[in-house]
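A.B. asks: Following this message is one structure expressed as structure tokens.
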Amino acid sequence: MIVPEPRFYLKLPKATEPTLICLQVKFMGERVFLSTGDKIHPAEWDFTRQRAIVSKKSPGNSDINLWLDKIAADFKALFRNMQIDGAVPTAENITKGLLEKMNRTVQAPKEEKVTLMNFIPKFITDSKALKAENTVKSYVSTYKHMEAYSGMSLDFDGVTIEWRNGFIKYLQGLGVGKNTEGKHIKNIKVFMNDATERGLNNNLQFKSKSFSKPSEDVHKIFVTMDEIRRIAELEIVDDKMKSVVRDYFVISCLTSLRFSDFVNIKPENVKGATLEMVTRKTGEPVIIPIAPMVRAILEKYDYQLPKAPCNQIFNRVLKDVGKLAEINEPVTITKTLGGQKKTKTFKKYELLTAHTGRRSMISNCILDGIPTPSIMLISAHKSLKVFQGYVRLNQVQNAEALSQHSFFNN
């Protein structure tokens with residue numbers, strides 16, 4: 001086995017005063033972790049070389065580097081000698097040997113106690129490789145609100161039903177919507193559940209029905225096929241951004257793809273008459289028929305779709321596109337904000353977002369009589385309950401759709 005390289009780092013790298021220099025080495029599932037006994041100000045530490053910076057102002061730092069070099073050499077000698085002697089290097093025997101060679105009282109730093117508020121950042125870091133970017137951003141937002149409400153001292157045992165109720169009141173004081181309250185409670189349950197599965201938490205109050213996430217069914221719009229055609233046929237002159245946003249939105253309306261998917265369509269995703277992709281959020285493969293309006297857009301760009309703006313800018317520009325297309329139908333929304341129901345009437349274009357396209361595809365397919373299982377295969381929905389949340393038909397539209405069914409024509 002190759003002798004591992006020791007790593008030196010600062011215990012508190014962002015400290016404003018001298019902090020301990022620590023040693024850490026990982027090998028074969030073992031970890032040597034101890035203090036070197038020396039301290040240094042972070043401004044005098046080279047994080048790349050893992051050594052003290054020697055300068056005219058800090059000539060004594062050369063002695064620190066000699067000491068770190070000696071510790072590193074002692075570690076390698078101990079490790080190598082154990083291999084030669086047929087002994088198995090372990091964190092325990094390596095640490096003991098190093099302390100003897102250092103000939104000074106050096107205590108291995110105590111492992112930091114895992115609390116809820118220092119667990120969450122590690123959970124978020126691990127999630128970056130597994131979760132969608134917006135999901136991770138949502139976790140970060142929840143963590144910041146938890147810190148603002150309870151501070152960094154909040155531990156697993158502090159997350160009680162009473163704490164949940166107080167946290168919601170705090171959120172209401174910020175004027176957020178009920179579904180935003182629910183998003184944060186859902187994230188807290190995710191944090192607590194993951195910690196429980198890792199054996200770090202024994203407090204299960206978060207699983208109680210009284211710890212449920214608030215929610216309400218807020219009216220969300222979809223655009224009809226007539227409105228989609230008006231947007232697609234809109235003449236946009238000398239405004240590339242609006243033109244690109246318009247085209248991507250039409251694609252979304254006719255494919256049900258999320259923003260993270262439709263902005264990443266590549267020529268290789270086009271397979272004859274279908275569009276084939278693996279969705280980024282869930283990893284589900286989808287095969288979607290290419291509608292004539294989608295084909296026209298792909299051909300317009302020779303199947304090399306242009307770079308799209310970020311989601312926030314996309315949504316802002318999309319509203320301008322909707323206004324130009326005169327998507328002006330009044331829409332009245334009742335929503336709970338800050339714990340109080342409020343009603344407001346908007347022009348429909350003011351409510352357009354990238355996700356409206358996904359709802360539009362699903363709702364228009366329902367209106368056209370396409371079977372739900374077939375639509376779910378295109379939209380990559382596994383849950384019928386979640387799928388039904390995307391069907392935004394009003395009673396009149398639902399009655400009109402049903403009137404075309406054979407049951408009502410016998």
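The values are calculated or read from the model by the stated rules, or taken from the named source; none is laboratory data. On a predicted model such as this, the values are computed, not experimentally measured, just so you know. Every residue, glycine among them, receives a Cβ derived from its backbone with ideal geometry; neighbour counts consider all protein chains shown. Heavy atoms of the whole protein, side chains included, go into the accessibility calculation; ligands, DNA and RNA do not. Shrake-Rupley method; radii C 1.70, N 1.55, O 1.52, S 1.80 Å.
Here's the yes/no breakdown for (1) free of Cβ contacts under 8 Å to residues at least 24 places away in the same chain; (2) surrounded by fewer than 16 Cβ atoms within 10 Å (Cβ to Cβ):
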{"residue": "F79", "(1), (2)": "no, no"}
{"residue": "I84", "(1), (2)": "yes, yes"}
{"residue": "K113", "(1), (2)": "yes, yes"}
{"residue": "P121", "(1), (2)": "yes, yes"}
{"residue": "I124", "(1), (2)": "yes, no"}
{"residue": "E133", "(1), (2)": "no, yes"}
{"residue": "K144", "(1), (2)": "yes, yes"}
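A.B. asks: In the list I2, I21, I53, which residue meets the criterion of being among the β-branched types (V, I, T) and more than 16 Å from D69 (Cα to Cα)?
C.D. replies: I2
A.B. asks: State which residue pairs qualify: first residue within 12 Å of G37 (Cβ to Cβ) and without any contact (Cβ under 8 Å) to a residue 60 or more places away in the chain and inside region 9-21, second residue open to solvent by 70 Å² or more (accessible area, probe 1.4 Å) and not acidic (D, E) in any location, beta carbons under 7 Å apart, and separation of 6 or more residues or different chains.
C.D. replies: The qualifying pairs are I21/K39.
A.B. asks: Then there's this: I'm trying to understand the selection: among the residues of region 1-32, which are within 22 Å of D74 (Cβ to Cβ), touching a strand residue (DSSP E or B) at 6+ places or on another chain (Cβ under 9 Å) and surrounded by 15 or more Cβ atoms within 10 Å (Cβ to Cβ)?
C.D. replies: Of everything in region 1-32, those that are within 22 Å of D74 (Cβ to Cβ), touching a strand residue (DSSP E or B) at 6+ places or on another chain (Cβ under 9 Å) and surrounded by 15 or more Cβ atoms within 10 Å (Cβ to Cβ) turn out to be V3, P4, P6, F8, L10, L20, I21, C22, L23, V25, V32.
A.B. asks: Among residues belonging to region 52-72 that are surrounded by 15 or more Cβ atoms within 10 Å (Cβ to Cβ) and out of contact with any strand residue (DSSP E or B) (no Cβ under 7 Å at 6 or more places or on another chain), point out the one that is farthest from A91 (Cα to Cα).
C.D. replies: By that ranking, first place goes to S58.
A.B. asks: Determine whether region 148-163 contains at least one residue that is surrounded by fewer than 19 Cβ atoms within 10 Å (Cβ to Cβ) and under 30 Å from S260 (Cα atoms).
C.D. replies: Taking every residue of region 148-163 in turn, none turns out to be surrounded by fewer than 19 Cβ atoms within 10 Å (Cβ to Cβ) and under 30 Å from S260 (Cα atoms).
A.B. asks: For region 307-352, give me each residue that is under 15 Å from F222 (Cα atoms), part of a helix (DSSP H, G or I) and among the polar types (S, T, N, Q).
C.D. replies: The answer is N315, and nothing else.
A.B. asks: From the list F191, F206, F222, which residue is under 31 Å from the mean Cα position of the chain (by Cα) and farther than 18 Å from G158 by Cα?
C.D. replies: F222
A.B. asks: In addition: Look at K271 and say whether it is within 22 Å of I236 (Cβ to Cβ), free of Cβ contacts under 8 Å to residues at least 60 places away in the same chain, surrounded by fewer than 17 Cβ atoms within 10 Å (Cβ to Cβ) and more than 30 Å from the chain's Cα centre (by Cα).
C.D. replies: No: the conditions fail for K271.
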